[in-house]
1. Work out, step by step, the length gained on full extension between ALA39 and ALA206: first 0.36 nm times the residue separation, then minus their alpha carbon distance; give nm to one decimal.
2. Would you mind ranking TYR56, TYR150 so that the residue whose beta carbon has the fewest other beta carbons within 10 Å leads the list?
3. By count of other Cβ within 10 Å, fewest leading, how are ASP53, ASP152 ordered?
4. Taking neighbour Cβ counts within 10 Å as the exposure measure, how do HIS65, HIS115 sort from fewest upward?
Amino acid sequence: MSRPLRGRLASYVIIIVFALAFCISCIAGGISDLSAKSAPKELAFKGDVIEYDAYYAQEVWVISHRLFGFIPTRKEYFYLTASEDGAEQYLVLASKRWLEDNFDSEGLARGDDVHITALLRRTAPKNGLYTSEINDWLSDIDVSINENLYADSNYKTVGVLKIVVAVLTLVVAALIITILRFHALGMIGGAGGKALIAGSYAAVLALVVIIVGFL
């Protein structure tokens with residue numbers, strides 16, 4: 001087996017292994033999100049779905065995500081929510097317009113209380129939420145919630161996105177392997193071949209943006 005052929009085979013194997021590993025991880029995460037079961041709030045843990053009615057909400061944090069530290073990808077909006085009697089208080093991840101659409105300028109629900117269905121996720125540095133910061137903020141406003149968990153109301157959208165990213169990963173991997181194979185056989189050459197190869201790398205970059213921006 002010639003050295004160029006061994007190099008190409010090694011490249012194919014690396015691409016396939018990484019693509020399959022990432023694909024399986026995304027699909028598993030997506031299925032886990034979409035199949036999460038509801039649990040009583042007093043017995044709910046990370047990975048469980050909770051439901052409750054919010055009477056009051058206020059914005060707590062807006063976390064900006066950037067690719068490579070400077071390319072904006074998305075923002076996450078976290079809100080403190082509470083039931084009318086104050087017995088149920090949660091930190092909720094929701095959309096930018098969620099507060100405006102459901103609560104008035106004083107943070108009170110418009111009309112009936114807002115029903116929230118959300119998946120409990122663990123507070124972690126990767127999404128910009130630090131337990132120490134939450135503790136400091138809660139102590140200032142005299143609110144008691146579980147600072148180690150937050151409720152993700154976007155969990156179904158995230159679950160679908162994970163599966164979409166898994167499929168895109170396989171598509172991009174197949175595209176790269178096909179282009180490399182055609183190029184090795186001399187079926188792609190000149191400016192057109194270079195454009196296709198550049199396009200494949202652009203597709204990979206786009207996939208990375210999706211991954212970093214939404215997951």
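Throughout, read-outs are computed from the coordinates displayed, never taken from laboratory work. Model, not experiment: these values are computed from the prediction. Using ideal geometry, Cβ is built from the backbone for each residue, glycine included, and neighbour counts are taken over all protein chains shown.
1. Values: separation 167, 0.36 × 167 = 60.12 nm, distance 3.72 nm.
This chain segment gains 56.4 nm when fully extended.
2. The most exposed by this proxy come first: TYR56, TYR150.
3. ASP53, ASP152
4. HIS115, HIS65
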